[in-house]
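Structure first, then comments.
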Amino acid sequence: MPTKAEKDHYAKLARLGCILCRQQGITDTDTPVEIHHVRRYGGKRNTAPAIPLCAYHHRLGNTSYHSLGAKGFTSYWGISPEELIEKTNDLLQKTS
Ligand SMILES: [Zn+2]
Ligand SMILES: [Zn+2]
């Protein structure tokens with residue numbers, strides 16, 4: 001079960017919209033956002049940094065994160081999950 005703090009955090013992420021669409025200059029999308037956890041260093045899922053991605057960029061499209069994997073995603077889109085985490089954190093600071 002997510003804690004209230006986690007729920008609040010995810011709600012803020014969802015309001016940002018898909019971080020990759022935003023990176024592509026697409027900001028008028030009303031596609032529902034899904035939360036992707038970027039797992040690093042064998043960390044636990046619920047402590048992993050989370051980024052907002054639309055369903056297409058998250059898992060549906062041929063070029064989605066879960067279709068390509070982290071390495072393929074980075075080379076296809078030219079931006080790594082770590083960079084998306086940084087951008088997400090920047091935006092969160094600006095909007096909160
Ligand atoms: Zn997207
Ligand atoms: Zn995911």
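The values are calculated or read from the model by the stated rules, or taken from the named source; none is laboratory data. Keep in mind the model is a prediction, meaning the values are calculated, not measured. As a convention, Cβ positions derive from the backbone with ideal geometry for all residues, glycine included, and neighbour counts pool all protein chains shown. We work out accessible area using only protein heavy atoms, side chains counted, and drop any ligands, DNA or RNA first. Shrake-Rupley method; radii C 1.70, N 1.55, O 1.52, S 1.80 Å.
Ranked from highest to lowest mean number of other Cβ atoms within 10 Å per residue, what is the order of the peptides 14-23, 58-67? Intermediate results must be reported in sequence, preceding the final value.
On the way: 14-23: 18.7, 58-67: 15.5.
Result, highest mean Cβ count within 10 Å first: 14-23, 58-67.
Hey, can you rank 76-83, 49-56 by average C-beta count inside 10 Å, highest first? All intermediate terms of the calculation are to be shown ahead of the outcome.
Numbers: 76-83: 14.9, 49-56: 20.2.
Order by mean packing, descending: 49-56, 76-83.
Where in region 46-68 is the amide nitrogen less than 14 Å from a point lying 7 Å along the Cα-to-Cβ axis of THR3?
Under cut-off, by backbone N: 46-48.
Carbon and sulfur together cover what percent of the accessible area of the chain at a 1.4 Å probe radius? If you can, show how the numbers build up before the last one.
Values: 3090 of 6230 Å².
Answer for the chain: carbon and sulfur cover 50 percent of the accessible area.
Taking amide H atoms as placed 1.01 Å from N in the peptide plane, list the residues 5 or more away in sequence, or in a different chain, whose amide H sits under 5 Å from that of HIS36.
Amide H neighbours of HIS36, under 5 Å, 5+ apart: ILE51, LEU53.
Can you give me the accessible area per residue for the chain, using a 1.4 Å probe, in Å²?
Normalised by residue count, the accessible surface of the chain is 65 Å².
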